[in-house]
Amino acid sequence: MNPQQLWISFYTMLRKDIVRMFRIWVQTFLPSVITSCLYFLIFGTVLGSRIGDMQGVNYMTFVIPGLVMLAIVTNAYSNTSFTFFQSKFFFRGIDEILVSPTPPWLLIAGFISGGIVRGVLVGTIVLLVSIFFTGLHLAVHNLFIILGFAILTALVFSLAGLVNGVYAKSIDAINIVPTFVLTPLVYLGGVFYSVHSLPHIAQYFTYVNPIFYLINGFRYGFLGIADIPVWISLGVLGGMVAFLIGINWYLIRTGLGLKQ
Amino acid sequence: MSLALEIKGLTKTYATGTQALKGVSLEIPEGDFFALLGPNGAGKTTIIGITTGLVNKTAGTVSVFGHNIDTETELAKMQIGLVGQEVNFNPFEKCLNIVVNQAGYYGVPRSVAIPRATQLLKDLGLGDKMDQNAMTLSGGMKRRLMIARALVNEPRFLILDEPTAGVDVELRRGMWDYLTGLSKKGLTILLTTHYLEEAEQLAKHVAIINKGAIVEHGTMDEVLSRHSDGTQNADSKGYRGGRLEEVFLKLTSEK
């Protein structure tokens with residue numbers, strides 16, 4: 001395939017996924033917005049006023065980057081894992097792409113792009129909603145770091161979702177990872193607190209949680225405060241991207257979980 | 001004469017240990033209407049799956065119009081259109097979108113794909129269903145939608161894996177008339193079917209596969225004449241099928 005044909009194939013996959021996510025927007029966009037509103041209301045407004053400041057900023061302002069990151073992580077992951085699993089398991093729609101000349105790397109790119117778009121889009125909506133809870137004030141320390149971490153995080157969790165989608169043999173396998181792995185990691189990754197407020201031993205557990213590094217860097221972009229240097233967060237993100245691309249490339253190229 | 005499909009020593013052993021193909025070799029000339037026949041589980045769909053990239057082979061080589069599927073995968077796949085055995089499209093998508101998206105995976109721009117898909121759907125009697133979700137189609141309509149999808153990239157080699165299963169007589173005839181017309185225009189067609197009378201009428205060449213091995217192949221006339229000794233199933237007092245059906249039973253029957 002020449003570059004133009006590759007682009008058309010990629011665009012077809014992305015367009016199809018975006019049309020799907022807008023068609024069922026009540027399932028794709030609304031849940032995260034409602035959940036985030038509840039978090040802002042309870043943790044930010046009701047409890048936040050009693051907690052006071054965290055790392056020198058009021059609690060509501062402190063939790064916003066973490067909650068936006070939570071929306072990006074869960075949406076990017078579930079979009080890719082579910083769409084891939086659906087096309088593989090429910091009606092073998094994945095065969096449409098497998099029989100075509102679309103190369104394996106482009107198939108990966110096509111599926112994860114949908115996850116990135118949804119992750120970043122829902123993250124943006126949650127961020128806009130958060131402004132209503134902060135008196136129309138939004139702190140921005142470094143816009144490039146915010147955008148960079150948002151896109152890289154969506155990329156990482158789209159890739160992770162694709163691994164899940166390829167391996168999953170039942171719909172349970174799609175739900176298990178977000179429920180029992182992803183959500184605890186996000187909650188324990190510093191969405192609601194600074195790592196320095198934890199006991200010493202608990203800090204070590206946080207440092208082995210990859211989500212901590214994403215929230216740390218993202219929060220730095222908004223507030224200019226970080227538990228660890230941002231370059232370490234970027235390094236961890238880069239390593240995760242490379243590792244997950246490698247796994248996906250191997251799975252799709254060899255057809256593991258896809259071809260007999 | 002160039003070959004649309006050339007298979008040499010193809011073997012496939014599934015993870016379960018089942019040996020589905022035992023060194024199959026097969027040649028399909030360009031422009032041919034080729035019938036690949038065999039009982040259930042003989043290996044027909046495995047051959048098609050390997051050729052189209054849906055199944056990994058264990059050993060052997062497959063070339064489509066001279067393009068090796070391992071080393072020139074994209075070029076080989078560009079030549080192929082597949083109508084699979086199972087309905088495999090998103091039932092919540094509109095018919096037109098299913099066909100247009102398939103064109104996109106082959107790199108055909110939407111400006112070209114939309115009029116092409118529209119024409120194909122009209123030709124196959126689905127002109128008034130284009131904007132309906134695929135789930136509203138009847139079984140026969142779904143089969144025709146799959147044919148339209150397989151043709152939208154203008155393949156040189158069309159593979160039909162039991163395309164008329166569950167389709168009524170009138171629709172089947174309509175489909176065969178349409179596909180025969182395409183064959184006359186030069187499209188190479190590989191057909192698997194359990195309707196042996198249809199294969200006998202339509203195909204120029206035939207191969208019969210049983211338990212993962214080709215047990216007979218040649219032109220339809222050659223195969224029929226090789227087995228026309230009139231003794232087959234002579235003792236049978238029950239239903240007797242067409243000539244090809246008798247040959248098929250002789251070569252594949254467990255008795």
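We did not get these values from a lab; they are worked out from the coordinates using the rules stated. Keep in mind that this is a model prediction, so the values were computed, not measured. All Cβ positions, even for glycine, are placed from backbone atoms using ideal geometry, and neighbour counts span all protein chains on display.
Descriptive notes on the structure:
- Translational diffusion of chain A was estimated from the Stokes-Einstein equation, with Rh taken as the Kirkwood radius over Cα pairs; at 10 °C and 1.306 mPa s the coefficient is 84 µm²/s.
- Average other protein chain Cβ within 10 Å of Cβ, residues A:102-113: 1
- Prolate/oblate/rounded label for segment B:87-155 (Cα gyration tensor, a/c 1.5): prolate
- For segment A:89-153, chymotrypsin sites (Phe, Trp or Tyr not before Pro) are listed when DSSP marks them as loop and at most 13 other Cβ atoms sit within 10 Å of their Cβ; the list is A:132.
- Antiparallel %, DSSP beta bridges [both residues in chain B], to 5: 60
- Within 10 Å of the Cβ of each residue in A:85-94, the mean number of Cβ atoms contributed by other protein chains is 3.
- As a ratio to 2.2 N^0.38 Å, the alpha-carbon radius of gyration for the protein assembly as shown is 1.20.
- Shielding by partners - mean other protein chain Cβ count within 10 Å, residues of B:90-98: 3
- Taking a ≥ b ≥ c as the square roots of the eigenvalues of the alpha-carbon gyration tensor, segment A:1-118 is classed prolate because a/c is 1.5 or more and a/b outweighs b/c.
- Cross-link partners of residue B:122 among lysines (Cα-Cα below 30 Å; sequence separation of 8 or more within a chain): A:16, A:88, B:77, B:94, B:142, B:184, B:185, B:204
- Overall form of segment A:71-111 per C-alpha gyration tensor (a/c, 1.5; a/b vs b/c): oblate
- Taking the C-alpha atoms of segment A:51-198, convex hull volume expressed per residue in Å³: 125
- Ordering of A:203-215, A:233-245, B:95-107 by burial proxy (mean other Cβ atoms within 10 Å per residue, highest first): B:95-107, A:203-215, A:233-245
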